Amino acid sequence: MKRKKVYADEKPFSGLTLAMIFAKPSARTRISFETGFYKLGGHALLLGDEIGIGKRELTKDIARVVSRFNDVIMARLFAHADLLELAAYSSVPVINGLTDWNHPCQIMADALTILELRGSVENCRVVYIGDGNNIVHSWLELARRLPFEFVCCCPPGYEPNADLVRRAKEAKCSCIEILHDPKEAVKNADVIYTDVWASMGQKDQIAERERAFAGFQVTMDLLQASGRDDTIFMHCLPAERGREVTDQVMECNQSVVFQQAENRMHAQNAIMLKCLAMA
Ligand code: CP
Ligand code: NVA
C-alpha cells in the first residue's frame, strides 16, 4: 500500500462505509482507520459509547443492524468473546481493533515497520520487555506464521497465555522464549519492544503493577545492553514515559515509534482491501 501510492490514484472504497465501534478509548486506531478508509474513497462512522454495545443492546443485535448499513466493521471491545460474537452475527467482515486478548492490526503495522527497516522480519530477534498482554499474544500469533525469534521478558506471574505460548512453540516456525531477566533477554536484539504495564481495563492495578515491573523499564542502559548500535526501539503507544520507558529512549535515534503509528494506516488498508476481496 505504501509503495503503490494507491491513495492518489485509486478510490477502491468509493461508495462504501466502515463502521468503527469503540468500547475503549483510542487515538491511533480511530485516526488510522478513519483516515485510511477516507483516503481510499470511503466514509467511516464513529460509533462510541452511545450505541452501548452489550449494554443498551445485545452484541448480536448490533451486529445485524450495523452490517445491514455498512460494508465493513472495525471493533475495539473488552472481551474477545464479544468480538467473536459480533463477527458470528455480522454479514460483513469484522476487523479486530484490539480486545483484552490481542491486537492483530498493531502487529501487522509493526511487522511492516521491521520489514522497512530491516528488509525482512524473518530471523530478527524481537525482545518484548513488560506485561505478557494482548500485544504479546499477537506477536505469538505472528510467530506461528513467520520464522523469527520472539522473546517475552516479564516478571514472574505476568507471562502471556500458556496455551498460546505452547501453540506458538508447537508450530515449530519461530524460536519462542519466556524470560525474566531484561539484561540477558535483550542481548543481540534487533528490536526491543515494550507496552504499558497496566492496559485499558487494568488502570486500578497501576500501583501493584509498578511494584511488580520495577526493573523492567526500557532505559538507554537496557537499549545498549543489546550489544548492538542498530537495535530499534518499538512501542505500540500510548506510552507512559517514566514507567515502562524513559523519555530519553522514546526520543532517541533508535526509536521508531512514530513510523509504527503511521504504518497502522497502510497495514489496515491492505487488510480491508483483502477482507473486501479487492486485493
Ligand atoms: N496503538 C494503539 O492501538 O493506539 P490507540 O489505543 O490510541 O488506538
Ligand atoms: N496493551 C495496551 C495496548 C494499547 C494499544 C492496552 O490494551 O491498553
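Of the residues Ala143, Ala75, Ala81, only one is modelled with pLDDT of 95 or more, in contact with a strand residue (DSSP E or B) (Cβ under 9 Å, 6 or more places away or on another chain), aliphatic (A, V, I, L, M) and away from ligand 1 (no atom under 16 Å from the Cβ); which?
Ala143
Filter segment 17-39 for residues that are surrounded by 20 or more Cβ atoms within 10 Å (Cβ to Cβ) and in a loop (DSSP other than H, G, I, E, B) and give the result. Correct list: Ala23 only. Against the numbered list (1) within 13 Å of ligand 2 (Cβ to nearest atom); (2) farther than 28 Å from His235 by Cβ, Thr59 comes up short only at (1). The criterion of at least 1 residues that are within 16 Å of ligand 1 (Cβ to nearest atom) and surrounded by fewer than 18 Cβ atoms within 10 Å (Cβ to Cβ) is met by the following helices (runs of 4 or more DSSP H) wholly inside segment 167-279: 247-251, 257-275.
Would you pick out the residues in segment 231-253 that are in contact with an Asp or Glu (Cβ under 8 Å, 6 or more places away or on another chain) and without any contact (Cβ under 8 Å) to a residue 60 or more places away in the chain? Correct list: Thr231, His235, Arg241, Arg243. Kindly check whether there is at least one residue in segment 153-174 that is under 22 Å from Val245 (Cβ atoms) and in contact with a Pro (Cβ under 6 Å, 6 or more places away or on another chain). Yes: one or more hits. For the criterion of being within 16 Å of ligand 2 (Cβ to nearest atom), among the basic types (Lys, Arg) and assigned by the TED database to the domain that holds Asn188, Arg209 passes. Does Val65 count as of a type in the set (Val, Ile, Thr) and free of Cβ contacts under 8 Å to residues at least 24 places away in the same chain? Yes.
Inspect all residues belonging to segment 198-213 and state whether any of them is hydroxyl-bearing (Ser, Thr, Tyr), at pLDDT 95 or above and within 26 Å of Gly119 (Cβ to Cβ). Scanning segment 198-213 turns up no residue that is hydroxyl-bearing (Ser, Thr, Tyr), at pLDDT 95 or above and within 26 Å of Gly119 (Cβ to Cβ).
With of a type in the set (D, E, K, R), out of contact with any helix residue (DSSP H, G or I) (no Cβ under 9 Å at 6 or more places or on another chain), farther than 29 Å from Arg76 by Cβ and not assigned by the TED database to the domain that holds Ser32 as the only criterion, which of Asp229, Asp221 stands out? Don't jump to the end; show me each part of the working.
Working: Asp221 fails: out of contact with any helix residue (DSSP H, G or I) (no Cβ under 9 Å at 6 or more places or on another chain).
None of the others qualify; the one that does is Asp229.
The values are calculated or read from the model by the stated rules, or taken from the named source; none is laboratory data. None of these values were measured; they are calculated from a predicted model. Here Cβ is always computed from backbone atoms with ideal geometry, including for glycine, and neighbour counts include all displayed protein chains.
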